[in-house]
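Asker: Please read through the structure below; I'll follow up with questions.
The values are calculated or read from the model by the stated rules, or taken from the named source; none is laboratory data. Quick caveat, the model's predicted, so the values are computed rather than measured. Glycine also receives a Cβ, built like all others from the backbone with ideal geometry; neighbour counts cover every protein chain displayed.
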Amino acid sequence: MSYVFSPAPVVSVPVVGIADRFPVHRIYCVGRNYEEHAKEMGFTGREPPFFFMKPADALVVVNAGETGQLPYPSLTANLHHEIELVVAIGKGGKNIAAADAFPHIYGYAVGLDMTRRDLQGEMKKQGRPWCIGKGFDASAPIGPITPAAQAGDVGKAAIWLQVNGADRQRSNVSQLIWNIAETIEHLSAAWELQPGDLIYTGTPEGVGAVVRGDTLDGGVDGLGSLRLTVV
């Protein structure tokens with residue numbers, strides 16, 4: 001088959017322990033999925049889950065033991081960090097019941113949902129989509145994927161982020177409003193999940209701004225860490 005120009009290479013993420021890489025299909029994100037983060041954003045209660053998306057090529061893939069570079073994006077003066085557990089789907093499906101969700105998971109990773117908060121806020125005021133605030137270039141840093149069998153009890157793992165060595169976010173995945181299985185159930189009712197999909201499951205409280213020169217260190221227990229410098 002010929003194309004009018006060369007297709008972009010497949011976006012992929014390294015996998016812990018093997019040379020094969022995880023090819024990425026779509027990136028789904030869950031909004032306001034920790035109660036304390038919902039409160040700091042002005043919301044309360046266990047509202048039904050809602051989702052937004054980032055393009056696959058928004059990933060900034062950081063290999064284990066390396067420090068990635070996160071370019072400060074255009075058009076913003078208020079770039080926020082949001083540390084997240086990422087679920088990597090290995091088996092697709094639609095209308096997946098929560099009780100049947102875990103066989104669909106290939107593994108887990110540490111990710112950041114970077115947000116142009118000022119642009120997101122302006123879109124909210126105008127009742128417009130958030131894409132410019134959430135789906136920009138390099139808005140989805142991610143570390144290597146740990147296969148599910150090697151990840152331990154992710155549902156009860158500590159999750160944390162430091163900026164320049166000082167705590168910003170520190171919580172536990174058990175504090176998710178909609179847990180991993182429930183998130184897959186709701187998400188797969190709206191979209192047919194495919195192998196290669198990534199789900200950013202939400203961020204705990206403590207989100208805040210970063211500037212050029214800051215170093216971000218985040219992690220989820222059992223999954224290693226993710227380190228980047230804003231440039």
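Asker: When the range 84-114 is examined, which residues are found to be in contact with a His (Cβ under 7 Å, 6 or more places away or on another chain) and charged (D, E, K, R)?
Answerer: Selection gives LYS91 alone.
Asker: Determine the pairs where a residue that is of a type in the set (Val, Ile, Thr), located within the range 183-197, has a partner that is assigned to a helix (DSSP H, G or I) with Cβ atoms under 8 Å apart, the partner being 6 or more residues away or on another chain.
Answerer: Hits for this filter: ILE184/ALA98; ILE184/HIS104.
Asker: Give me the pairs: first residue in the range 23-36 and without any contact (Cβ under 8 Å) to a residue 24 or more places away in the chain, second residue surrounded by fewer than 21 Cβ atoms within 10 Å (Cβ to Cβ), beta-carbon distance under 6 Å, and six or more apart or on different chains, which are they?
Answerer: Filtered contacts from the range 23-36: no entries.
Asker: Kindly indicate whether any position in the range 188-197 is surrounded by 19 or more Cβ atoms within 10 Å (Cβ to Cβ) and within 25 Å of GLY121 (Cα to Cα). Explain how you work it out, then say what you get.
Answerer: The first filter runs over the range 188-197 and keeps only residues surrounded by 19 or more Cβ atoms within 10 Å (Cβ to Cβ), leaving 188, 193, 196-197.
Next, from what is left, pick out any that are within 25 Å of GLY121 (Cα to Cα): none.
For the range 188-197, residues surrounded by 19 or more Cβ atoms within 10 Å (Cβ to Cβ) and within 25 Å of GLY121 (Cα to Cα): absent.
Asker: Of the residues that make up the range 34-46, is at least one surrounded by 23 or more Cβ atoms within 10 Å (Cβ to Cβ) and either touching a strand residue (DSSP E or B) at 6+ places or on another chain (Cβ under 9 Å) or at pLDDT 95 or above (or both)? Write out each step before concluding.
Answerer: At the first step, the residues of the range 34-46 found to be surrounded by 23 or more Cβ atoms within 10 Å (Cβ to Cβ) are 34.
Applying the additional criterion that residues be either touching a strand residue (DSSP E or B) at 6+ places or on another chain (Cβ under 9 Å) or at pLDDT 95 or above (or both) yields 34.
Yes, some residue in the range 34-46 is surrounded by 23 or more Cβ atoms within 10 Å (Cβ to Cβ) and either touching a strand residue (DSSP E or B) at 6+ places or on another chain (Cβ under 9 Å) or at pLDDT 95 or above (or both).
Asker: Now for a different question. Say whether the condition of being farther than 18 Å from ILE180 by Cβ, at pLDDT 95 or above and among the hydrophobic types (A, V, I, L, M, F, W, C) is met by at least one residue in the range 84-101. Quick ask: steps written out before the conclusion?
Answerer: As a first pass, look at the range 84-101 and keep what is farther than 18 Å from ILE180 by Cβ: none.
The answer is no, given that none of the residues of the range 84-101 is farther than 18 Å from ILE180 by Cβ, at pLDDT 95 or above and among the hydrophobic types (A, V, I, L, M, F, W, C).
Asker: A further question follows. Identify the residue in the range 172-201 that is outside any loop (DSSP other than H, G, I, E, B) and among the hydroxyl-bearing types (Ser, Thr, Tyr) and, among all such residues, is nearest to ASP113 (Cα to Cα). Before you say what the answer is, go through the steps one by one.
Answerer: The initial filter retains those residues of the range 172-201 that are outside any loop (DSSP other than H, G, I, E, B), namely 172-176, 180-190, 193, 198-200.
Imposing the further condition that a residue be among the hydroxyl-bearing types (Ser, Thr, Tyr) reduces the set to 174, 183, 188, 200.
Details: SER174: 19, THR183: 17, SER188: 21, TYR200: 8 Å.
Result: TYR200.
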